[in-house]
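Q: The structure's right below; bear with me while I get my questions together.
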Amino acid sequence: MSVVSTVGLIGAGAIGRAHLNGAAQAAGIKIVGIADPNPAAAQLANEFGLPHFTDHRTLRDTLQPDGAIIATPNALHVPMALEWLAEGRPVLVEKPVAGTVEEGRQLAHAADAAKVPVLVGHHRRHNPILRKARELVREGALGRLVSASVLATFLKPDAYFEQAWRRSNGGGPVLINLIHEIDLVRFVCGEIRSLQALTSNAIREFEVEDSAAALLRLDNNALVTITLSDTAASPWSWDLASGENPAFSRSQAESHFLCGTNASLALPTLRTWRYPGERGWFQPLEPGSIAFQPADPYIEQMRHFGAVIRREEAPLTDALDATRTLEVTLAVRQAAQSGTMVYF
Ligand SMILES: NC(=O)c1ccc[n+]([C@@H]2O[C@H](COP(=O)([O-])OP(=O)(O)OC[C@H]3O[C@@H](n4cnc5c(N)ncnc54)[C@H](O)[C@@H]3O)[C@@H](O)[C@H]2O)c1
């Protein structure tokens with residue numbers, strides 16, 4: 001296999017374009033064609049000078065790429081991934097890895113059995129800010145982790161809801177947005193042991209929720225709250241604050257607050273707070289900052305996928321890991337509906 005791995009892009013919508021841009025700047029990977037029945041995809045293929053196919057099997061049989069990026073609607077993730085695995089070709093599957101936990105596990109088993117890697121597109125894990133935060137928590141730089149407060153509050157424009165599926169069950173911010181926060185908490189703070197949740201549709205009055213609040217206990221006993229809303233005129237979200245997606249107007253705010261027994265950490269700024277001398281609330285806390293090398297997580301994810309295809313690196317998020325994130329995310333709606341605590 002050459003040092004540049006070739007991949008087909010299946011599904012050239014919003015995130016497909018991000019992958020095209022990411023791959024264009026990443027070493028060791030090259031998108032060689034696009035498969036998407038939408039006529040707009042033909043235009044996009046033209047823009048990037050790539051051959052266009054309406055069907056992913058035709059792309060595969062014609063171009064014989066080393067792997068594929070599956071950036072189609074959720075229901076197609078697992079069926080398409082299984083077909084590529086059966087051909088011995090690694091895949092990057094967008095999040096959520098599957099529609100159900102059972103389906104996610106089925107994909108993980110298939111990848112194991114075929115000995116072909118699956119990478120799931122939890123792109124935030126490729127952001128150096130979150131890698132640094134994870135390192136700080138793991139090495140005990142904050143002391144024992146006590147709590148984390150996560151704000152994922154933003155305003156989706158009215159036009160976003162013109163598509164009916166976004167107003168109906170499954171199309172709301174829990175499955176679309178909260179899944180990123182659940183994955184971030186697992187990656188940075190630790191595994192989730194139990195949760196309670198409330199959801200609300202009081203503002204938009206659609207069938208689907210517009211807001212949610214989740215309360216988590218982690219295996220390390222830290223307590224985490226996540227406040228989520230797609231109807232709040234607010235700068236406090238990773239999406240707006242991190243600058244990861246240039247389509248959003250950057251807020252310069254902070255969205256994640258981790259508290260430890262020795263120090264606290266805010267994200268995405270990596271700003272710390274600690275007592276320089278005597279500890280306690282009568283003493284002044286000193287702000288500090290953690291140095292890091294910024295990088296675009298979409299480019300880094302593409303570089304990593306190339307290395308995964310060549311078996312130089314193991315997937316940072318494999319199908320089983322992503323299924324765990326899906327399981328916890330689905331449990332948020334379950335807990336809210338039943339009014340009971342969910343244990344994992
Ligand atoms: N990682 C992230 O931050 C992130 C962000 C957005 C979306 N996503 C995920 O990516 C996936 C796509 O989301 P999107 O916002 O790009 O949606 P989108 O609707 O903009 O794009 C989906 C594309 O898939 C195409 N498609 C549908 N059926 C197909 C088929 N049989 N073969 C090939 N192409 C087909 C559609 O024509 C469309 O162009 C979803 O699973 C979503 O959850 C991830």
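No value in this document is a laboratory result; all are computed from the given coordinates. Note that the structure is predicted; figures quoted are calculated from it, not measured. Note that each Cβ is placed from the backbone with ideal geometry, even for glycine, and that neighbours are counted across all protein chains shown.
Q: Suppose we keep only residues that are under 22 Å from Lys30 (Cβ atoms) and away from the ligand (no atom under 12 Å from the Cβ) within segment 82-98. Which one would you say is surrounded by the most Cβ atoms within 10 Å (Cβ to Cβ)?
A: If we take residues in segment 82-98 being under 22 Å from Lys30 (Cβ atoms) and away from the ligand (no atom under 12 Å from the Cβ), then Val91 is surrounded by the most Cβ atoms within 10 Å (Cβ to Cβ).
Q: While we're here: Where residues in segment 35-73 are near the ligand (Cβ under 7 Å from one of its atoms) and either among the hydrophobic types (A, V, I, L, M, F, W, C) or buried (at least 17 other Cβ atoms within 10 Å of the Cβ) (or both), which of them is nearest to the chain's Cα centre (by Cα)?
A: Ala71
Q: Across segment 104-156, what is the total count of residues that are charged (D, E, K, R) and within 16 Å of the ligand (Cβ to nearest atom)?
A: So the answer is 3.
Q: Within segment 1-34, which residues are of a type in the set (Gly, Ala, Ser) and either closer than 11 Å to Phe305 by Cα or more than 6 Å from the ligand (Cβ to nearest atom) (or both)?
A: Ser2, Ser5, Gly8, Ala18, Gly22, Ala23, Ala24, Ala26, Ala27, Gly28, Gly33
Q: Let me ask something else. Which residue, of Ala322, Ala295, Ala291, Ala241, is surrounded by fewer than 19 Cβ atoms within 10 Å (Cβ to Cβ) and closer than 26 Å to His19 by Cα?
A: Ala295
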